[in-house]
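Notes follow the structure.
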Amino acid sequence: MPLKLDFGTQLVSATHNPGKAKEIAELLEGRFHVIAAGALGLPEPEEIEQTFVGNAVLKARAAADASGLTAIADDSGLSVTALGGAPGVLSARWAVTQSGARDFDLAMSKVEAALKAQGASDRSACFHSALAVAWPDGAVVAVEGAVKGALVFPGRGGQGFGYDPIFLPDGASETFGEMDPARKHAISHRAVAFAKLKAALF
C-alpha cells in the first residue's frame, strides 16, 4: 500500500533554519501541525551524504527517530555551472563564519569571488531541493525538484533567505530575494519538490 499522510498529522520540520521552517510550513498550506526541530531541542545531524536526497533522508530519519513523530526534511542548495556544481550540497557550509554562525552574505560573496577568480562569464545556476518524509516505523519517501536560472551581483531584495538575493529564475525579472513569497512558492525548487510530494502522499 502506498504511504499517505492524513491532514492534521503532527509533523516535525527537521530544520534549525527559521527561514526554511517557515517556508515549509507555508508550502504545507496549514494541512498539518508543524513543529520545528529547533523548537523541540532536537540535535542537528551532520550532513555527510553526497546528494541532496541523501541528506534530506538523513535529516528526516534523525528527527523521526529522536521525536517519535513523522518528520519532513529538506536539503537544498545552489549549484553554479561555472563552479562545477559548487557549492551544491555544501551550500550551507559556505555560509559558516569563524564563530560557527551562518552568514549568507558571506556565502554569496564567496560565490562571486570564486567566479571572478576563474574569470568565468557563465552565470547559469540551478537551485535544488530534496524533500523526505520519514515515519517512526522506518518508512521513508523522498523526492527532488529543481529550478534553473542565473546569478546576479550584487544581490537584490530582502525577501526569502539563503542565496535568494542572487538567484534570478529563468523567465523572471525578479530574484527570489525580490519576489513576493507567494510567487516564489509557486515556482521555486522547493515548490516543484512539494508538488511531487503531494502527488505521492496526500
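So here's what we get for this one:
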read-out: FRET efficiency, 1/(1 + (r/R0)^6) with R0 41 Å, evaluated for LEU40 and ARG123 via beta carbons; value: 0.55
read-out: Reachable aspartates and glutamates, given that their alpha-carbon falls under 18 Å from the alpha-carbon of LYS196 and they are not under 8 places away in the same chain; value: ASP6, GLU23, GLU26, GLU29, ASP74, ASP75, GLU144
read-out: Segment GLU26-LYS196, extension gain: residue separation times 0.36 nm, minus the distance between their alpha carbons; value: 59.6 nm
read-out: Assigned charges on the beta-carbon of Lys, Arg, Asp, Glu; the chain dipole about Cα centre (debye); value: 200 debye
read-out: Centre separation in Å (Cα based) which lies between the range 188-202 and the range 73-104; value: 23 Å
read-out: Potential lengthening between THR81 and ARG183 on full extension [0.36 nm per residue; Cα-Cα distance subtracted]; value: 34.2 nm
read-out: Amide proton proximity set for ARG156, modelled H, under 5 Å, gap of 5+; value: ILE166
read-out: Computed [θ] at 222 nm, deg cm²/dmol, the chain (DSSP H ≥ 4; -39,500 (n - 2.57); rounded to nearest 500); value: -9500 deg cm²/dmol
read-out: Dipole of the chain, positive end: most advanced residue of ALA130, LEU201, SER188 [Cβ charges, Cα centre]; value: SER188
read-out: Amide H contacts of ALA36 (H built 1.01 Å from N, under 5 Å, at least 5 apart or other chain); value: SER13
read-out: For the range 45-60, Karplus couplings with θ = phi - 60° (6.51, -1.76, 1.60), whole Hz, Gly/Pro x; value: x, 6, 8, 9, 6, 9, 10, 5, 4, x, 6, 5, 5, 4, 5, 5
read-out: Percentage relative contact order, the chain, counting C-alpha pairs under 8 Å, at least six apart; value: 19 percent
read-out: Most positive-pole-ward Cα, SER67, SER91, GLY177, against dipole of the range 10-201 from beta carbon charges; value: GLY177
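Read-outs: derived from the displayed coordinates by stated rules, not from any lab. Being a predicted model, the structure only gives us computed values, none of them experimental. Quick reminder, even Gly has a Cβ in these numbers, built from the backbone with ideal geometry, and neighbours come from all protein chains shown.
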